[in-house]
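First comes the structure, then the notes that go with it.
Each value in this text was obtained by applying a stated rule to the coordinates, not by laboratory testing. It should be emphasised that the depicted structure is a prediction, and the values quoted were computed from it without experimental measurement. Note that we place each Cβ from the backbone using ideal geometry, even for glycine, and neighbour counts take in every protein chain shown.
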Amino acid sequence: MTHNFRFSGTGGQGLITAGIILAEAAILDGKEAVQSQSYGPEARGGSSKAEVIVSDETIYFGRVTCPDVLLVMSQEAADKYSGDTNEHSIIVTDTLFVKDVPGRCGERVDLPITHAAVEACGKTLFANIVAVGAITALTGCVSDEAIEKAVLARVPKGTEEANKKALQTGIALVKNR
Amino acid sequence: MSRTLLLQGNQAVVEGAVAAGVRFYGGYPITPSTEIAEQLALRLPQVGGKFMQTEDEIAGLGTAIGASMAGLKSMTATSGPGFSLKQEMLGLACIAEIPVVIVDVQRVGPATGQPTSPAQGEVMMSRWGTHGDHWVIVVSPSSVPESFELTIRAVNLSEKYRVPVIMLMDEVIGHMREKIVLPDDYQGIEAASRKTPSCKPEEYLAYAADKEDLVPAMAPFGSGYRWHVTGLVHDETGFPKGTPAGTVESLNRLHDKIYNHLDDIVTFENYRMDDAEFAVIAFGGAARSAYAAVNLARQEGLKVGLFRPITIWPFPEKQVQEIAGRINGILVHELNYGQYVLEVGRVVAGACPVSLYGKYDNESATPQELLAEIKKAMKK
């Protein structure tokens with residue numbers, strides 16, 4: 001079983017960190033994982049994408065050619081990175097930023113990701129962890145224990161509780177939709 | 001005991017350097033190699049080493065050469081623009097026979113190019129970049145675990161043969177994160193060290209090479225052994241002689257110390273080549289597309305294999321000739337307009353058709369794109 005993920009949005013939204021966390025969780029579960037990214041020369045702003053492949057088998061090509069799950073957290077990213085989805089792809093959008101996604105999909109899941117991050121944790125910067133929670137709940141590709149452990153291993157000291165809350169918020173967004 | 005980690009290729013280089021005994025890094029951060037400098041700044045002091053951020057790229061290699069002369073295993077890292085600037089120092093390390101490892105994580109060029117996008121545009125430059133006849137070893141990893149192993153090997157080869165070794169990476173492997181299992185401590189890692197003189201200091205001839213391996217013993221500066229380091233062509237005393245015969249003798253030895261030991265230096269991987277009727281040749285990040293494309297071809301019943309040079313220079317001449325004699329064609333896939341293909345063509349010398357799939361659009365080839373090119377080339 002192989003899962004192909006693409007997380008896309010604007011530089012600074014923490015999507016590469018989200019990708020790393022998902023890949024680390026997969027490794028904690030004993031799977032193979034490859035994470036790659038593409039971004040411009042800017043430190044902030046500009047479109048950015050992170051890709052993760054999780055598999056039970058050896059992963060040769062490390063980039064995603066047809067995402068099983070595409071997360072879009074900006075309209076520009078939706079326009080730029082949804083061209084290679086197919087009729088089985090799940091497209092997850094942040095309703096605060098995204099209206100239209102040109103790419104094909106089997107299921108479109110519109111979630112108030114950034115809004116929920118502010119509501120639960122007080123800051124937009126937890127949106128990436130909310131998104132990680134939502135995607136974990138949608139796909140079940142990694143275990144709950146592994147994803148929590150991976151989040152806690154990556155976030156700054158002192159923010160553990162807020163990030164746990166963000167993760168649970170994301171899981172709840174999917175379960176209660 | 002071991003640790004299972006998710007690391008970038010660049011981070012694996014850092015651990016490989018520490019494991020190989022590198023204790024000095026001089027360099028100037030540049031995308032997409034910056035993580036190497038960033039992490040070595042943290043790791044080297046932990047193991048008693050020194051990290052120096054220099055004022056520019058030239059001084060990055062200059063300080064690494066100096067530290068190596070003082071006896072430390074040394075390295076630097078850069079990307080294309082910095083590799084251009086380092087060429088003069090690289091020549092000095094060649095002629096003065098200073099062990100040093102230079103990591104070049106390639107991005108799109110020339111000049112500033114595309115800092116965050118992958119390319120393999122320095123294939124020929126890594127071999128011929130500095131002026132004058134010179135011989136270096138160039139290795140290219142295709143995975144994160146191999147970035148660790150090959151950094152150790154690069155350090156070992158540079159110490160053993162007293163030659164600069166270039167670790168030619170690309171953005172694909174430098175920035176990719178994947179699983180790697182690292183030993184908890186690096187005590188068991190095989191680490192080569194340059195040989196040091198056994199004679200008395202007053203009898204030391206810095207460039208008198210052993211007949212067997214043609215490599216002279218190297219005394220660390222400050223050890224009481226005195227030697228003269230120069231970029232001029234020199235004899236065994238280290239001083240320039242300037243005679244035609246002296247130059248020939250000196251250059252021949254610099255060549256032969258590498259090319260007499262190709263079986264030790266040249267490494268490669270044959271993937272699904274046993275019954276292959278057609279071969280893809282690819283290395284570094286481009287090989288990741290090639291493994292997948294070969295597997296796609298096999299699913300369609302096409303007998304395609306991958307020959308992956310790990311040591312890209314010296315060129316695996318014997319191996320490529322052997323393959324060319326038993327298959328129907330070769331497709332070279334590289335992330336540039338066509339560089340390695342020139343050498344493949346020269347070595348194959350008409351034994352089978354050689355085609356090129358050069359990609360230079362800021363992106364890796366997808367396995368499907370490469371498969372289509374394989375099919376096209378097979379019809380030739």
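In segment B:184-216, which GluC sites (Glu not before Pro) fall in coil by DSSP and have 11 or fewer other Cβ atoms within 10 Å? The partial results should precede the final answer.
On the way: sites: B:Glu190, B:Glu202, B:Glu203, B:Glu212; in loops: B:Glu190, B:Glu212.
Answer in residue order: B:Glu190, B:Glu212.
If you add up the charges near A:Val101, with Lys and Arg at +1 and Asp and Glu at -1, over every other residue whose beta carbon is less than 13 angstrom from its beta carbon, what do you get?
Numbers: positive: A:Arg6, A:Lys80, A:Lys99, A:Arg104, A:Arg108; negative: A:Glu76, A:Asp79, A:Asp84, A:Asp94, A:Asp100, A:Glu107, A:Asp110.
Charge balance in the 13 Å sphere: -2.
Run the quick spin-label model on B:Glu55 and A:Lys99: label points 7 Å from Cα toward the beta carbon, then report their separation in nm to one decimal.
5.5
May I ask you to derive the FRET efficiency for B:Thr230 and B:Met1 from their Cβ-Cβ distance with R0 = 56 Å, giving the value to the nearest 0.05? Write down the numbers at each step before the final one.
Details: r = 48 Å, r/R0 = 0.85.
That pair, B:Thr230 with B:Met1, gives E of 0.70.
Let me have the 222 nm mean residue ellipticity of chain B computed from DSSP H runs of 4+ only, each contributing -39500 (n - 2.57), with the sum over all residues rounded to the nearest 500. Don't jump to the answer; show the numbers that get you there.
Details: 14 runs with 146 residues, N = 380.
Mean residue ellipticity, 222 nm, calculated: -11500 deg cm²/dmol.
Can you give the mean number of other chain Cβ atoms that lie within 10 Å of the Cβ atoms in peptide B:289-295?
Numbers: counts 4, 2, 4, 5, 2, 1, 3.
Counting Cβ atoms of other protein chains within 10 Å of each residue's Cβ and averaging gives 3.
Per residue of A:61-71, how many C-beta atoms from partner chains lie within 10 Å of its own C-beta, taken as a mean? Write down the numbers at each step before the final one.
Working: counts 15, 13, 10, 1, 5, 2, 0, 0, 0, 0, 0.
Partner Cβ neighbours, averaged per residue: 4.
To make sure I understand, if each residue's beta carbon is the centre and we count other beta carbons within 10 Å, what order do B:Ile36, B:Ile323 fall in, fewest to most?
Numbers: B:Ile36 31, B:Ile323 21.
Sorted ascending by nearby Cβ count, the order is B:Ile323, B:Ile36.
With a cut-off of at most 11 other beta carbons within 10 Å, and DSSP calling the residue loop, which GluC sites (Glu not before Pro) in segment B:42-127 qualify? Please list them. Could the numbers behind the result be given before it?
On the way: sites: B:Glu55, B:Glu57, B:Glu88, B:Glu97, B:Glu122; in loops: B:Glu55, B:Glu97, B:Glu122.
Filter output for segment B:42-127: B:Glu55.
Please work out whether segment B:267-378 counts as rounded, prolate or oblate from its C-alpha gyration tensor, where a ≥ b ≥ c are the square roots of the eigenvalues and a/c under 1.5 means rounded, while otherwise a/b larger than b/c means prolate and anything else oblate? Show your work: numbers first, answer last.
Values: a/c = 1.44, a/b = 1.10, b/c = 1.31.
Note, shape of segment B:267-378 comes out rounded.
For A:Met73, B:Met169, what's the fewest-to-most ordering of other Cβ within 10 Å of each Cβ?
On the way: A:Met73 27, B:Met169 32.
Listing A:Met73, B:Met169 from fewest to most nearby Cβ atoms yields A:Met73, B:Met169.
Kindly state, as a whole number, the per residue volume in cubic angstrom of the convex hull around the alpha carbon atoms of chain B. Please report the intermediate quantities before stating the final value.
Numbers: hull volume 54.1 nm³, N = 380.
It comes to 142 Å³ per residue, whole-number rounded.
Let me confirm one metric for peptide A:18-26, namely the mean number of other chain beta-carbon atoms within 10 Å of its residues' beta-carbons.
2
Around B:Gly80, with a cut-off of 14 angstrom between Cβ atoms, what is the net charge of the other residues, counting Lys and Arg +1 and Asp and Glu -1? Intermediate values should be presented prior to the final figure.
Values: positive: B:Lys86, B:Arg107; negative: B:Glu57, B:Asp104, B:Glu122, B:Asp170, B:Glu171.
Its environment carries a net charge of -3.
If you add up the charges near B:Asp235, with Lys and Arg at +1 and Asp and Glu at -1, over every other residue whose beta carbon is less than 10 angstrom from its beta carbon, what do you get?
On the way: positive: B:Lys241; negative: B:Glu236, B:Glu249.
Taking every other residue near B:Asp235 into account, the sum is -1.
Measure off 7 Å from each Cα along the Cα-to-Cβ vector at B:Glu363 and B:Glu269, then give the distance between these two points in nanometres to one decimal.
My value for the distance between the label points is 2.5 nm.
Please report how far the C-alpha centroid of segment A:1-40 lies from that of segment B:145-203, rounded to the nearest whole angstrom.
What the calculation gives is 30 Å, centre to centre.
For B:Ile30, B:Ile166, what ranking results if the residue with the fewest other Cβ atoms within 10 Å of its Cβ goes first? Can you show the working numbers first?
Numbers: B:Ile30 22, B:Ile166 28.
The fewest-first ordering by Cβ neighbours comes to B:Ile30, B:Ile166.
Over chain B, what is the mean sequence separation of C-alpha contacts under 8 Å (at least six apart), divided by residue count, expressed as relative contact order in percent?
Details: 846 pairs, mean separation 61.6, N = 380.
This gives 16 percent for chain B.
Highest GNM mean-square fluctuation, chain B, Cα pairs closer than 10 Å: which of B:Val332, B:Val181, B:Val347?
In this elastic network of chain B, the residue with the biggest mean-square fluctuation among B:Val332, B:Val181, B:Val347 is B:Val181.
Just grab the label-to-label distance for B:Glu277 and A:Lys157, each label 7 Å out from Cα along the Cβ direction, in nm (one decimal).
Once both label points are built, they end up 6.4 nm from each other.
How big is the equivalent ellipsoid of the protein assembly as shown along its three axes, where each semi-axis is √(5λ) from the Cα gyration tensor, reported in whole Å from largest to smallest? Could the numbers behind the result be given before it?
Values: eigenvalues 409, 162, 69 Å².
Output for the protein assembly as shown: semi-axes of 45, 28, 19 Å.
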